[in-house]
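The values are calculated or read from the model by the stated rules, or taken from the named source; none is laboratory data. Treat the numbers as computed from the prediction; the structure is a model and nothing was measured. Here the Cβ positions follow ideal geometry from the backbone for every residue, glycine too, while neighbour counts run over all protein chains shown.
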Amino acid sequence: MSMQRDLVRTILEILVIAALVIASLWILSPFLASIVWATMIVVATWPLFLGLEARLWGRRGLAVTLMTLAILLVLFVPLSLAIGALLENADAAVAFGKRIAKEGLPPPPQSVEALPLVGEYLAKAWRAVLDLGLADLWRRVAPYLGEVAKWLAARAGGVGLVAVHFLLTAVIAAILYAHGEAAAQMAQRFASRIAGKAGEGSIVLAGQAIRAVAIGIVVTALVQSIVGGIGLLVAGIPHVAVLAAIMFMFCIAQLGPGLVLFPAVAWMFWQGQHGWATFLLVWSVGVVLMDNFLRPILIKRGADLPLLLIFAGVIGGLLSMGLLGLFVGPVVLAVTYRLTEAWVNEALPKAAPSASPAQRANTSNDEPM
């Protein structure tokens, strides 16, 4: 009877704890995305925050204020520039589309076909669009423009929601900056209660994985947007600052800088500036391919983990959870990898230390003939 009562009590305790966890997650669900984003930002920038605090004579409040303002600047300025550019140039984009539909595209110039590797494919795609006929394409697309306009109008309120989300992320990040050590100790104690020393080490590994992915993604996006902006500036494209800001947002969202660079190349070809358009096309291909070697180097330097594991986490997290999965995916795989490794090594018997060559030689000499 005593064992039955203990079993019933244990089951009831588990049910109560599960109900509290589910209820807490349900209540916090509107804030979970902001909490996770703020945690990722704080963990990734914690060494920078400590260095800033040391330079400010240990005044944490001032360091928290400056870091929060920097987060708001990074989040709000590119978003505001991108939205402003879209709203300002919406009429011009529509007029440009109508003009192309009415007058048609010119045939591909010889400079496009002369490009190495990609010139033949670009010219073929260009001719395919010409064979289709833009007037016929416009007639096909026109019935759907009304639905697209309705969808954009319905989504217009989402811009304000994104701004509120960014603001909430900055506020939570400020709280975590102010009490970072206490939060880290709590996380380590919780992991230690679950998995002992392996769990505590997994918290450190999770922080390293977050920092590595953040450095790899953000630094790569920054380099690509700067180099792409330089190409746009040299080629004479207007509104370079706005386009570079949009390019940075696209790179952070893993959409790549090509969504900005290649339309700029098409616009220059349309304007008849074939020389500068060819230069910008070659430059754009280099910028787009840059992340294939720069990001792995940065991520590998930030965390002592198999590169394949981190890439699987980044790609799988992006496909399954969206932009947030870029950070959550590598962290989950890294913690699982480390816990599994610790569990396997703990189950194996310790190998005896191998003898040195001199000891083996002495042993062989001592053997009876």
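For this structure, a couple of remarks:
- Yes/no for ALA342 being over 23 Å from the mean Cα position of the chain (by Cα), in the same structural domain as GLY258 (by TED's automatic domain parsing) and at pLDDT below 75: yes
- Filtering segment 1-52 to residues that are touching a residue at least 24 places away in the same chain (Cβ under 8 Å) and either small (Gly, Ala, Ser) or more than 30 Å from ILE252 (Cβ to Cβ) (or both) leaves ALA33, SER34, ALA38, ALA44.
- Meets criteria (buried (at least 22 other Cβ atoms within 10 Å of the Cβ) and of a type in the set (A, V, I, L, M, F, W, C)) for VAL287: yes
- Count of segment 220-238 residues, restricted to those that are surrounded by 15 or more Cβ atoms within 10 Å (Cβ to Cβ) and either under 18 Å from ILE315 (Cα atoms) or over 23 Å from the mean Cα position of the chain (by Cα) (or both), is 6.
- Annotation: ILE297 fulfils all but one of (1) exposed (fewer than 15 other Cβ atoms within 10 Å of the Cβ); (2) β-branched (Val, Ile, Thr); (3) within 16 Å of ILE226 (Cα to Cα); the unmet one is (3).
- Scanning segment 309-336 for residues that are surrounded by fewer than 18 Cβ atoms within 10 Å (Cβ to Cβ) and modelled with pLDDT of 75 or more returns LEU309, ALA312, ILE315, GLY316, LEU319, SER320, VAL332, THR336.
Table: residues versus (1) aromatic (Phe, Trp, Tyr); (2) in contact with a Ser or Thr (Cβ under 8 Å, 6 or more places away or on another chain); (3) more than 20 Å from GLY329 (Cα to Cα).
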{"residue": "VAL218", "(1), (2), (3)": "no, no, no"}
{"residue": "VAL227", "(1), (2), (3)": "no, no, yes"}
{"residue": "GLY231", "(1), (2), (3)": "no, yes, yes"}
{"residue": "GLY236", "(1), (2), (3)": "no, no, yes"}
{"residue": "GLY256", "(1), (2), (3)": "no, no, no"}
{"residue": "LEU309", "(1), (2), (3)": "no, no, no"}
